[in-house]
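For reference, the structure discussed in these notes is given below.
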Amino acid sequence: MKTLTFLAAFIMCGAALFAQSSNSSDQSLIDWNLLWSGSWEESKTLHNRGEIKINIFPLNLLLRAQVLDRRPLNFELDDPWGDPEKWITNFTGGLYHRSTGSRILYGVLDEWGLPARIRNPWIRSPTYAENHKPIIADARTAVSSTREDQVYLYLSSPFLELFPNFKLRGFISGQTEIDDFTPAISGGLDFSFSKNTRLLLEAFYTEKTLLAKKANTWFSDPPVLPEREFNLYAAGIIFTCPFLSVSSDFAISDTFFWGTDIYTNFGITVTPLLPFGTRIRPLAISLAADGAGERDQCRRGTQRRRGQIR
């Protein structure tokens, strides 16, 4: 019997359970909510996700903890859970400041902005201007079998109005893996000139020790590289206004025994205008291109693909 009757009530597609504190008035100091997004089966794998959030209103803080779990199913009564070595459980936690977005996180993370684009610019999303997002990271909501736990700190100021229709905020962030110290530091300035006109300047730096490279092909004997230090410096710019968006990234990678080289990309998005200044909102023209030198390496320390134009 391959269908487990005792799992029928346990496995639900898209099911969710939600509980929260009864006192949700404006005068409450703390409230909480518990989310169990359910357990569901997909491709003979059982997925589970649970989360708890605690709001601390006087300090405008949010405390969040999350458990993610994934394990294969055999659909056999004698051994329904499969190989325990393939079970994966991730724990994440974070403390957030609601008004500025500042946060300190622990666990497996998702990241956006310049660090993510430098890590893998084309697989994550083409380098069109509309795909350039500000630097930020957050806890993943899906299990990862390849990423390691990290500690992440992001600090942002509120927008400060220096002149009429001119606001400015600054931000910095830092992160590293728990088991392997690989510091990644970023920061920037965000200028707001009007409601729909913004200029974002970003900078990023990371370093790591790359393991010795071994020959792994049967038809040749490539040179073996020793253990070496890898450094990457990057900067990005994003300008947006109602009818035009322009973005660009520039990175320099430096690796002992390999050399120094550059990577750059450029994106532009134009929203045409009809006569009398009426914008065609559904229509936008986007172009993007990037290029890399022969010895350029991406944030992971591997050689980047060269000369892409899309």
F250 being within 17 Å of W112 (Cα to Cα), surrounded by fewer than 17 Cβ atoms within 10 Å (Cβ to Cβ) and either in the same structural domain as G293 (by TED's automatic domain parsing) or at pLDDT 90 or above (or both): yes
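Give, as residue ranges, the strands (runs of 3 or more DSSP E) completely inside segment 125-199 that count at least 2 residues that are surrounded by 14 or more Cβ atoms within 10 Å (Cβ to Cβ) and not small (G, A, S). Even if it seems obvious, please write down each step before you answer.
Details: elements: 136-139, 150-156, 160-163, 166-177, 184-194.
By residue number, 136-139, 150-156, 166-177, 184-194.
State all residues of segment 146-180 that are among the polar types (S, T, N, Q) and without any contact (Cβ under 8 Å) to a residue 60 or more places away in the chain; if no residue qualifies, say none. Show your work before the answer.
Within segment 146-180, the first condition is being among the polar types (S, T, N, Q), and the residues that meet it are 146, 150, 156-157, 165, 173, 175-176.
Of everything in segment 146-180, those that are among the polar types (S, T, N, Q) and without any contact (Cβ under 8 Å) to a residue 60 or more places away in the chain turn out to be T146, Q150, S156, S157, N165, S173, T176.
The values are calculated or read from the model by the stated rules, or taken from the named source; none is laboratory data. Here the structure is a predicted model, which is why all the values come from computation and not from measurement. Using ideal geometry, Cβ is built from the backbone for each residue, glycine included, and neighbour counts are taken over all protein chains shown.
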